[in-house]
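The values are calculated or read from the model by the stated rules, or taken from the named source; none is laboratory data. No experiment lies behind these values; they were computed from the predicted model shown. Reconstructed Cβ throughout: ideal geometry from the backbone, glycine too, with neighbour counts over all protein chains shown. SASA here: full protein model, heavy atoms, side chains in, ligands and nucleic acids out. Shrake-Rupley method; radii C 1.70, N 1.55, O 1.52, S 1.80 Å.
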Amino acid sequence: MNPNKPEFVAIGDTLIDAFIRLQVAHEVNDPATGTREICMPFGDKIPFEFAEEIAGVGNSANAAVSAARLGLHSALITSIGKDAHGTECIDALVKNKVDTQFVQQYPGLATNYHFVLWYGQERTILIKHEKFPYVIPDISSTRWFYLSSLGEHTLSFHQDLADYFDAHPDINLVFQPGTFQIKFGVQALHRLYKRTKIFFCNLEEAERILEIKSRDVKVLLAGLKALGPQIPVITDGPAGSYALDGDRVLFLPAYPDPKPPYERTGAGDAFASTFTTAIALGHSIEEAMKWGSINSMSVCQEVGAQKGLLTKEQLLHYLQTAPQNWNVTIL
């Protein structure tokens with residue numbers, strides 16, 4: 001392994017997550033729209049159970065940590081502030097064996113800081129992305145490039161990325177769009193969609209991307225593939241995951257939880273990055289779905305997106321001891 005040439009490179013915003021475990025709240029469901037809302041008393045002092053800061057996270061940072069823990073030489077391209085929070089993020093990445101040669105710190109800019117309102121097993125995240133500059137370093141020797149959440153000001157940078165990938169056809173592009181990348185719309189990012197090898201989103205995101213109201217996974221997967229990705233994958237939380245392999249629609253139930261999930265932040269990141277790592281290591285799509293489901297389950301047993309990520313040895317143990325009836329089926 002060349003120490004300066006990572007096998008897996010992720011790009012995206014990196015941040016501090018401040019988890020706030022709520023005590024006084026309730027959930028409201030709208031059956032007409034399917035939306036769920038968290039409600040708290042307005043204009044009141046609301047007690048919370050505890051708060052915890054976790055540094056060096058974000059969709060792409062989580063993916064880089066996941067790949068490193070599974071044994072790949074993993075690196076992260078990201079921009080952070082030259083401040084105490086930025087130093088905490090770098091320290092956390094180094095501790096997790098992520099190559100930080102492409103991390104840029106900028107004086108006068110604040111490292112992204114998000115608040116995670118955590119109630120029950122679910123969370124609502126208050127986000128704010130600083131306007132960092134982004135540049136593409138020379139990663140031409142990298143075979144797997146993982147693109148995820150970037151801020152709302154980065155549309156033109158996505159065109160630079162499309163140019164770079166056009167110039168380097170040997171790079172396998174993996175795309176797990178974040179909030180603003182979905183808001184940019186398919187047309188604005190059509191070159192990236194067409195260039196993507198593996199694409200990840202959850203079921204609700206698939207509806208937003210395709211601008212349709214349909215819970216039919218076959219329709220959603222076909223719609224995503226028509227945009228360009230070779231292997232579209234849709235996750236549906238505890239209901240399981242789906243992938244399109246040629247003309248086969250594959251389904252895998254979620255790996256059985258050893259105990260009730262504690263907190264679900266990063267479950268999608270764990271699935272997507274672990275699936276990608278399995279493919280990069282030469283495994284089939286069916287096997288990659290199993291790897292992703294196991295790591296997603298494990299993440300939900302801990303606070304935050306990274307603490308529960310497994311090593312390759314730990315993941316293989318879960319795989320070897322999995323229930324005999326836990327298998328991928330063709331729909």
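Given the condition part of a strand (DSSP E or B) and in contact (Cβ under 8 Å) with a residue 60 or more places away in the chain, answer yes or no: does some residue in the range 94-102 qualify?
For the range 94-102, residues part of a strand (DSSP E or B) and in contact (Cβ under 8 Å) with a residue 60 or more places away in the chain: present.
Among the residues making up the range 142-180, a single one is open to solvent by 50 Å² or more (accessible area, probe 1.4 Å) and under 20 Å from Ala68 (Cα atoms): Arg143. When you check Arg264 against the structure, is it in contact (Cβ under 8 Å) with a residue 60 or more places away in the chain and either among the charged types (D, E, K, R) or in a helix (DSSP H, G or I) (or both), yes or no? For Arg264, the condition - in contact (Cβ under 8 Å) with a residue 60 or more places away in the chain and either among the charged types (D, E, K, R) or in a helix (DSSP H, G or I) (or both) - is met.
Every residue in the range 209-224 that is out of contact with any Gly (no Cβ under 7 Å at 6 or more places or on another chain) and buried (at least 17 other Cβ atoms within 10 Å of the Cβ), please. If the condition is that a residue be out of contact with any Gly (no Cβ under 7 Å at 6 or more places or on another chain) and buried (at least 17 other Cβ atoms within 10 Å of the Cβ), then Ile209, Val217, Leu220, Leu221, Gly223, Leu224 are the ones that fit.
I'd like the residue in the range 100-116 that is open to solvent by less than 30 Å² (accessible area, probe 1.4 Å) and not polar (S, T, N, Q) and, out of all such residues, is farthest from Arg36 (Cα to Cα). Ranking the qualifying residues of the range 100-116, first place goes to Phe102.
Each residue in the range 287-325 was checked for being free of Cβ contacts under 8 Å to residues at least 24 places away in the same chain and of a type in the set (Phe, Trp, Tyr), and 0 of them qualify. Given the criteria open to solvent by 40 Å² or more (accessible area, probe 1.4 Å), modelled with pLDDT of 95 or more, within 29 Å of Gln230 (Cβ to Cβ) and not aliphatic (A, V, I, L, M), does Ser293 qualify? No, not satisfied.
Please pick out the residue among Tyr262, Tyr318 that is out of contact with any Cys (no Cβ under 6 Å at 6 or more places or on another chain), modelled with pLDDT under 95 and among the aromatic types (Phe, Trp, Tyr).
Tyr262
Checked against the criterion of being assigned to a strand (DSSP E or B), farther than 30 Å from Ile38 by Cα and at pLDDT 90 or above, the candidates Ile139, Ile77 yield just one match: Ile77.
Within the range 19-32, residues that are under 14 Å from Lys45 (Cα atoms) have Cβ atoms under 7 Å from residues that are outside any strand (DSSP E or B) in these pairs: Gln23/Pro47; Val24/Met40; Val24/Pro41; Val24/Ile46; Val24/Pro47; Ala25/Met40, counting only partners at least 6 apart in sequence or on another chain.
Listed here are the residues, each with its yes/no results for (1) open to solvent by 50 Å² or more (accessible area, probe 1.4 Å); (2) of a type in the set (Phe, Trp, Tyr); (3) within 27 Å of Glu313 (Cβ to Cβ).
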position	(1), (2), (3)
Thr35	yes, no, no
Ile38	yes, no, no
Ala51	yes, no, no
Val57	no, no, yes
Ser66	no, no, yes
Arg69	yes, no, yes
Leu76	no, no, yes
His85	yes, no, no
Val94	yes, no, yes
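Please determine whether any residue of the range 243-259 is touching a strand residue (DSSP E or B) at 6+ places or on another chain (Cβ under 6 Å), among the charged types (D, E, K, R) and open to solvent by 20 Å² or more (accessible area, probe 1.4 Å). Yes, the range 243-259 contains a residue that is touching a strand residue (DSSP E or B) at 6+ places or on another chain (Cβ under 6 Å), among the charged types (D, E, K, R) and open to solvent by 20 Å² or more (accessible area, probe 1.4 Å). Residues in the range 143-171 that are under 22 Å from Phe271 (Cα atoms) and without any contact (Cβ under 8 Å) to a residue 40 or more places away in the chain: Ile171 alone.
Just one of the listed residues (Lys197, Lys183) is free of Cβ contacts under 8 Å to residues at least 60 places away in the same chain, basic (Lys, Arg), within 19 Å of Ala270 (Cα to Cα) and open to solvent by 30 Å² or more (accessible area, probe 1.4 Å), and it is Lys197.
Filtered by the rule that a residue be in a loop (DSSP other than H, G, I, E, B) and among the charged types (D, E, K, R), the range 5-22 gives Lys5, Glu7, Asp13.
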